[in-house]
Amino acid sequence: LQVHECLLGSLLSQQPQLYRRTHGFSNSLYAPFLGHNLSYIDYTGDEHGIIESEIARYLGNFNVTRKLGWVLTGEVGVYTRYEPDTVRGVDVIFISRKRLAAPSGKALQVAPELVVEIVSPTDRWSELRSKIAEYFAIGVERVWIVEPGKKQLLVYRTPTEFIQLAEQETVHGEGILEGFALPLHELFAELP
């Protein structure tokens, strides 16, 4: 079992011991899982939290009357591989009611339509590219990569095809999110 970036509640209930340490400029948690691989988790910073909550708020406002699905945040687990199991912690997800009729309290075993990853200073592009490929392999339709430091957003339609949107542009929803619009200058307004 490989656990990436997050500890899922169900796994924590099985093995709750966490060990804290300092890792560079960020705090990390190490989690042992009954003889399985040991993974660490880097905490995110305040900019990451602002971007995550703003994207979730805009998606939630769009969804509130339409009731198309669920907006999920907070490193929600998504299975991207089985045997060995790989669970990715995702910053923001939109998943339709067609794919997820009701919350289960567990990591998602079905692909959301949209995955949003916010780049942190410690992220490496080689790891991000792997994650993007895994998301598309399980049926994710769009991946948004937000780069707060550059104030830009990349919209991936395949693991290698993307469009780059700058701060003065607007990201538009596609598919089930047709009609959604988020002006990036509003998303990045509170950042230095």
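Counting just the residues of segment 169-188 that are farther than 14 Å from residue 69 by Cα and hydrophobic (A, V, I, L, M, F, W, C), which one comes out most open to solvent (accessible area, probe 1.4 Å)? Among those that are farther than 14 Å from residue 69 by Cα and hydrophobic (A, V, I, L, M, F, W, C), it is 181.
Which ones in segment 95-148 are polar (S, T, N, Q) and within 17 Å of residue 78 (Cβ to Cβ)?
Going through segment 95-148, the residues polar (S, T, N, Q) turn out to be 96, 104, 109, 120, 122, 126, 130.
Those that are polar (S, T, N, Q) and within 17 Å of residue 78 (Cβ to Cβ): 96, 104, 109, 130.
For segment 51-75, give me the residue count where each residue is at pLDDT 95 or above and crowded, with 17+ Cβ neighbours inside 10 Å. Residues flagged as at pLDDT 95 or above and crowded, with 17+ Cβ neighbours inside 10 Å within segment 51-75 amount to 15. The set of residues in segment 86-101 being farther than 16 Å from residue 138 by Cβ and buried (at least 19 other Cβ atoms within 10 Å of the Cβ) consists of 91, 92. Take the conditions (1) surrounded by fewer than 20 Cβ atoms within 10 Å (Cβ to Cβ); (2) over 26 Å from residue 67 (Cβ atoms); (3) at pLDDT below 95; residue 104 misses just one of them, which is (2).
Any residue in segment 124-136 that is in contact with a strand residue (DSSP E or B) (Cβ under 8 Å, 6 or more places away or on another chain) and either on the phi > 0 side of the Ramachandran plot or open to solvent by 40 Å² or more (accessible area, probe 1.4 Å) (or both)? Outline the logic, then answer.
Initially, segment 124-136 is screened for residues in contact with a strand residue (DSSP E or B) (Cβ under 8 Å, 6 or more places away or on another chain), giving 128, 131-132, 134-136.
Next, only the ones that are either on the phi > 0 side of the Ramachandran plot or open to solvent by 40 Å² or more (accessible area, probe 1.4 Å) (or both) stay: none.
So far as segment 124-136 goes, no, none of its residues is in contact with a strand residue (DSSP E or B) (Cβ under 8 Å, 6 or more places away or on another chain) and either on the phi > 0 side of the Ramachandran plot or open to solvent by 40 Å² or more (accessible area, probe 1.4 Å) (or both).
The residues listed here are 148, 183, 121, 112; of these, the one that is at pLDDT below 95 and closer than 18 Å to residue 52 by Cβ is 121.
Which one is farthest from residue 192 (Cα to Cα) among residues in segment 142-153 that are of a type in the set (D, E, K, R) and surrounded by fewer than 19 Cβ atoms within 10 Å (Cβ to Cβ)? Reasoning before the result, please.
Applying the first criterion (of a type in the set (D, E, K, R)) to segment 142-153 yields 142, 147, 150-151.
After this cut, where a residue has to be surrounded by fewer than 19 Cβ atoms within 10 Å (Cβ to Cβ) as well, the list is 147, 150-151.
Values: 147: 13, 150: 11, 151: 10 Å.
Only one residue fits best here, namely 147.
Condition check for residue 83 on (1) surrounded by 18 or more Cβ atoms within 10 Å (Cβ to Cβ); (2) among the charged types (D, E, K, R); (3) more than 21 Å from residue 186 (Cα to Cα): one failure, at (1).
The values are calculated or read from the model by the stated rules, or taken from the named source; none is laboratory data. None of these values were measured; they are calculated from a predicted model. Here Cβ is always computed from backbone atoms with ideal geometry, including for glycine, and neighbour counts include all displayed protein chains. These accessible areas exclude ligands, DNA and RNA; they are computed on the full protein's heavy atoms, side chains included. Shrake-Rupley method; radii C 1.70, N 1.55, O 1.52, S 1.80 Å.
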